[in-house]
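The values are calculated or read from the model by the stated rules, or taken from the named source; none is laboratory data. Worth saying up front: this structure is predicted, and the values here are computed from it rather than measured. Virtual Cβ from ideal backbone geometry, glycine too; neighbours counted across all protein chains shown. The accessibility values were calculated without ligands, DNA or RNA, using every heavy atom of the protein model including side chains. Shrake-Rupley method; radii C 1.70, N 1.55, O 1.52, S 1.80 Å.
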Amino acid sequence: MCWPKDYRPGDRWIRLIHGHRKNPATIVSDGKVVQAETASSVAQATLEQQKSTRERKIESANEVQPLYPLNAEFARPSWIFGLNSYEVIQRDKQADPRLLAATVQSGRSYLAIIDVLQSSLSLLDIPFTDIQGITSGNNCLYIEGASGLLPTSVAKVTLNDEKSESIDFQIIWSFSPDSLKYQSYFSLPELIEFPTEVHGRNAYAFFYPPSNQVYQASQEEMPLLLLESHGGPTWETRGVLNLSIQYWTSRGWAFMDVNYGGSTDVTKLLFKVMAENSESGYWVAGAESGKVDGTRLCITGGSAGGYTTLAALAFKETFKAGASLYGSEKDYYERSPINFVEKFSCSIILFQGLEGKVVLPGQACKIYAALKQKGLPVALVEYEGEQHGFARWINVPAVTNVRQESIDFLGHMLLQPRL
């Protein structure tokens, strides 16, 4: 098989053919090849140093030899071509190779240099806590990353002559260059690990407390919590600056962004765990620790996260209200909330594109009618011309108002009994 690396002009095609390999350095993650580079020096150095070992794995002469053992993720899912999780670098006037690698441990990314001959690893000190890609330049590296305060950005990192530490870090592009003006309002993520109903399996989430420098809630009242289950379903949530999350936290809500079973870097379980086992455990870390009001919990999500939202509301009694964006599922009968609309017992707001092909508009209408018949508060917001994910953005003013519609509906449902 072969594939292009099209993120740099003039880059070569990398060829991996069963039974024949031409000195590629290959990253093997959980038994799967995820990145290949022509790096003969690394392969030769590894073969000459049979005692060298660990961490990533170099493939040459049909043998896989570890370079450095570490309980970490060394690759992201290859959703698009050109994603790089490592680069081969060399010290000036010396032939010994090194790898510059992005690793993920406990929800945080690190930039590490692996010395192949010495079998050692050292971390570089950079502001990013999430790294999406690495590519080499002229005497420098370019890193795509973000943090709890920094939006997705591209930074130029200059290393010293020994290629052992960074001597300069400069952001050359930012998705939101003006965001730092408002950092006093930002809520920083806290990584939480908690058990699920699947024995021996934990799930992970980023918890964001309410944060507003102007307004403060009463000390006697715990904040409302909105839990979000991401789409994908095999994508992952990251603890980086997300203005959509800050929209909620700056208005007095606590927010929990969950990597449920099925998320990249967490587990291999998919819809069965999402619907039946994961949801009831989400709130434990926040509610039982006294950070939020455990009696006023809400859930939201889009696409696969919308399905998870509806499944949690149909099959569990944890949440008091929810907001589903173009979410449902009918292929797995026993796990599909669309087949058990009579089980819904709380308030729901539904958002649906009328041109949706992945989730047909009729599914949202069926849920809406069932809740209406039961006398439960329900709202259905439809967008003409929009498809799954609202990707066409035909109704920009309306679609961008989804957050406000959600916060109005959910807030009214939770605060109404206290009025």
Based on the inverse mean of 1/r over its pairs of different Cα atoms, what is the Kirkwood hydrodynamic radius of region 169-265, in Å? 15.0 Å
Gyration tensor over alpha-carbon atoms, region 294-371, equivalent ellipsoid semi-axes in Å: 19, 13, 11
Cross-link list 343/366; 316/357; 320/374; 343/374: which exceed 20 angstrom alpha carbon to alpha carbon? 316/357
Tell me the accessible surface of residue 382 in square angstrom (1.4 angstrom probe, heavy atoms of protein chains only), to the nearest ten. 80 Å²
Environment charge at residue 245 (Cβ cut-off 13 Å; Lys +1, Arg +1, Asp -1, Glu -1): 0
